[in-house]
Amino acid sequence: MNTVMIQDKMYPGLLKEIPDAPKKLYYKGDWNSEIFAYCLAVVGTRRMTSYGKRICEELVGEIAASGITIVSGFMYGVDATAHKATLRVGGKTIAVMPCGIDLIHPEDQEDLYNEILETGGLILSEFEGDFKPLLWTYPKRNRIVAGLCQATLVVEAGEKSGSLITANFTKKYERKLFAIPGPLTSEVAKGTAQLLKEGASIVTCAKDVVDFYRSDPGFSLRFTPPAGRGPTRLQKTQDLHSNSTLEQKILEYLKRESVGLDSLVRAFNVQASQIGAAISILQLEGFISEDQGKFYVN
Amino acid sequence: MLIKVQSAANSGLEAIGVDVEVSVSNRGLPGFDIVGLAGKAVEESKERVRAAIGNSRMEFPQRKITVNLAPADILKEGSFYDLPIAVGIMASVLQYEVPKDSLFFGELSLDGSLRHTKGAVLMALFAKEQGLGNIFVPFPSANEAAIIKGVNVYAIENLSQLAGFLLGKTALQPIVYEEHVEHVEDIEFDMAEVLGQEYAKRAIEIAAAGAHNILMIGSPGSGKTMLARALPGILPRLNEGESLEVTKLYSVAGSMPPQGSLITTRPFRSPHHTISQIGLIGGGSKPQPGEVSLAHRGVLFLDEFNEFPRSVLESLRQPVEDGVLTISRARERVTYPCRFMLVASSNPCPCGYLGHSKKPCICSPREVKKYRKRASGPILDRIDLHVDVPEVDIAKFAENQKASSLSEPSSAIRERIAVVRQKQAVRFKGEHIFTNGEMKNSHIKKYAKLSREAELILTRAGIQYQLSARSYMKLIKISRTIADLADVEYIERNHALEALQYRSKAYELD
């Protein structure tokens, strides 16, 4: 069985600093101390909005591409999105489980679990065997997530969210706390708004986070684009002549507000068929993408 | 003495002649027997006939009566042999001549009157084919039988009236078919009443124009059911041949009302999701048409698609593909047509609010996955158009008055669709199909010609969205209908582009 004891040399230094550091860590994957050098915890709600998803994919992808390890809790929502965004750009990621090391929780994310391991990532837990996740194991897990990292990024969080527990650990351990602003009308922006009010650093682009790591003299730009995984955005291959005025206007409109097809029909007062065709070409060209019925400018 | 009365039995939509032979003998003990593989309802006919004759102030012969239903090797089911049996027995008492070229059909009531009996139109059609000039049917079913021209339909109210006529004492005129004009109010919901949903409305219009199957996904209250119910109002009316097909099916199923006339509006069937396989497909020891056949030439609407048992949905595969259905049972095999448009609606997740802008979804991704998996993949694959029906923001809607100018009434859409359907009928002449939705790959190659630009777009989309060959073909079919709506022969760039919006996006979710 793969274990690391607190007295071992390979035990992550940052984690050792916290007052209630786990004495024993179980892990899966190839242990490489390098992975713990620069870590960012990404946490947030399970009930992510499409806005949160989009922002998380974009920012985390960019941050991970600059060589920072992304640490999260493998839960669905923000956690899973952060893991996936990292893998997509060929970055390294660590998943800290709230259950025994032999369990996959939630079990339907087995594909993601395997992908993390295949790409040189790590699965960690302080619980052994097939210990079931319980209400109290989640906050315990959260302290490890916060403890492993120089900083924590909260993407979306409700007022009483488990992510705020991680945020509190981060503050307690005197690490850096980042939060992403969200619309005030959103339930899952209340937690992040509160954190920002209390002094968390606001993040509006990936640079805000990466610069924090760059201030460390040891941190060099470690990013080398890995071969074969491809860029995040689809590349234009062939121009399909998308330069009609309606398409331009739709693009302008979507830059201001992400809406669905019906809203566009009403806004431009043209037939649904024309809007449909215009949206299709914009999608094919990779200018916009769709999530849950709404269109976003890439 | 031996009396022969002609009647018929139906097997599916086919009718088979049945001779009702009545022997009234002076020898032997008085009694009443029916032979010739009679089912339960026919056995019971004895008691009805006895009481009905007695209550019509006629004498029931106290002799040995044997009724034979020939040919004797087909199972006889149903209550409509009452009348021919009674006519035979009465003949032995009243000594009238049973008219040769006539068919008798109908169920008796104990007081001697005749009741509405299913299958009248089929019997009339059989009489016509066999060259029988007259058919005697119960009064409530007479109008239905009179749909068939070229046969004298006599509407019989009770046994005394019939006896008077057969004895030549009273006159009886064949009835004249009366069409009940009912298609004035066949528009239950007008498309103009559906708030917003411009995109879904357009999808419905395309589906109606090409008879494509369509799936609508949206949160509760967004208008999926209303859109589906508005469909019959925009579909063109049934033509004469189609009307007769539908009427026959309804007659056999016993769904024709008394005094019913030819069905001219397209059927709209929306079975509840607790329906059994037999209920949907049809069956029984005497196979009856199921919902798929009752939706023939119309719409089969499956609301809450994911709630239907998987086995029930799977059984739809072949009917959706073939448009006819053969039900085989130990004793018989019948074929019913079932060329319908499948309209399915579903919530995006168990709670219904996934992707809703106001209400949070309370389902875990696992529950959502499980819910989506419940819909049968092969069936989803046979649905051409997949469309999201988002919630309507009423407040936003009121602000924007422009919207109302865009919504068209159903009557205008119906006219447009009728033209497009006509165009398809001409195109597919001699191909045994009528609509774009029915096109097979060979038809697509022949009739759905893509312009170079359209082809470029579909190929590009195929690569980008990793479309299967079948999905690709579906896109061409939809493009064909969109081009038809625009009244052009070649599928152009914009038609292909619009069609892309109706592809299934379910498999792109991660």
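The values are calculated or read from the model by the stated rules, or taken from the named source; none is laboratory data. Keep in mind it's a predicted model, so treat the numbers as computed, not measured. Heads up, the Cβs are rebuilt from the backbone with ideal geometry, glycines too, and the neighbour counts pull from every protein chain shown. Accessible surface areas use protein heavy atoms only, side chains included; no ligands, DNA or RNA. Shrake-Rupley method; radii C 1.70, N 1.55, O 1.52, S 1.80 Å.
If a residue has to be more than 20 Å from A:E115 (Cα to Cα) and either within 14 Å of chain B (Cβ to nearest Cβ) or open to solvent by less than 10 Å² (accessible area, probe 1.4 Å) (or both) to count, how many in the stretch A:29-52 make the cut?
Qualifying residue count, the stretch A:29-52: 8.
List pairs: first in the stretch A:273-291 and more than 8 Å from chain B (Cβ to nearest Cβ), second part of a loop (DSSP other than H, G, I, E, B) and open to solvent by less than 10 Å² (accessible area, probe 1.4 Å), Cβ under 8 Å, 6+ apart or cross-chain?
Here the result reads A:E285/A:L240, each pair linking the stretch A:273-291 to a residue that is part of a loop (DSSP other than H, G, I, E, B) and open to solvent by less than 10 Å² (accessible area, probe 1.4 Å).
Need a quick list: strands (runs of 3 or more DSSP E) entirely within the stretch B:270-378 having at least 2 residues that are touching a helix residue (DSSP H, G or I) at 6+ places or on another chain (Cβ under 7 Å) and over 26 Å from B:A9 (Cα atoms).
Ranges flagged: B:299-302, B:341-346.
Which condition does B:Q130 not pass, out of (1) in contact with a Leu (Cβ under 6 Å, 6 or more places away or on another chain); (2) within 18 Å of B:E14 (Cβ to Cβ); (3) open to solvent by 20 Å² or more (accessible area, probe 1.4 Å), if it passes all the others?
Looking at each condition in turn, B:Q130 falls short on (1).
Matching residues to (1) part of a helix (DSSP H, G or I); (2) open to solvent by less than 60 Å² (accessible area, probe 1.4 Å); (3) more than 30 Å from B:Y81 (Cα to Cα); (4) not assigned by TED's automatic domain parsing to the domain that holds B:C363:
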site	(1), (2), (3), (4)
B:Q161	yes, yes, no, yes
B:A171	no, no, no, yes
B:P174	no, yes, no, yes
B:E178	no, no, no, yes
B:A203	yes, yes, yes, no
B:A208	yes, yes, yes, no
B:H212	no, yes, yes, no
B:L215	no, yes, yes, no
B:A230	yes, yes, yes, no
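For the stretch A:4-24, give me each residue that is in a strand (DSSP E or B) and either of a type in the set (K, R) or open to solvent by 50 Å² or more (accessible area, probe 1.4 Å) (or both).
Initial filter on the stretch A:4-24 (in a strand (DSSP E or B)): A:4-5, A:24.
A:M5, A:K24, listed by residue number.
Just to confirm my filter: which helices (runs of 4 or more DSSP H) fall fully inside the stretch B:414-501 and include at least 2 residues that are away from chain A (no Cβ under 14 Å) and farther than 24 Å from A:Q271 by Cα?
The helices (runs of 4 or more DSSP H) meeting that bar are B:441-447, B:469-485.
Among the residues in the stretch B:354-362, are any in the same structural domain as B:I383 (by TED's automatic domain parsing), without any contact (Cβ under 8 Å) to a residue 12 or more places away in the chain and surrounded by fewer than 20 Cβ atoms within 10 Å (Cβ to Cβ)?
Yes, the conditions are met somewhere in the stretch B:354-362.
Quick one: is B:Q173 within 14 Å of chain A (Cβ to nearest Cβ) and among the polar types (S, T, N, Q)?
no
Any idea how many residues of the stretch A:263-272 are within 7 Å of another protein chain (Cβ to nearest Cβ) and open to solvent by 10 Å² or more (accessible area, probe 1.4 Å)?
3
Hey, among the residues in the stretch B:187-201 that are charged (D, E, K, R) and in a helix (DSSP H, G or I), which one's nearest to the other protein chains (Cβ to nearest Cβ)? Break it down stepwise before answering.
Taking the stretch B:187-201 as the starting set, the residues that turn out to be charged (D, E, K, R) are B:188, B:190, B:193, B:198, B:201.
After this cut, where a residue has to be in a helix (DSSP H, G or I) as well, the list is B:193, B:198, B:201.
On the way: B:E193: 16, B:E198: 4, B:K201: 7 Å.
Per the stated criteria, the residue is B:E198.
Looking for something under 18 Å from the mean Cα position of the chain (by Cα), on the phi < 0 side of the Ramachandran plot, open to solvent by 50 Å² or more (accessible area, probe 1.4 Å) and more than 14 Å from chain B (Cβ to nearest Cβ) - is there at least one such residue anywhere in the stretch A:186-199?
no
Would you tally the residues in the stretch A:103-125 being under 15 Å from A:W31 (Cβ atoms) and in a loop (DSSP other than H, G, I, E, B)?
Looking only at that region, the number is 3.
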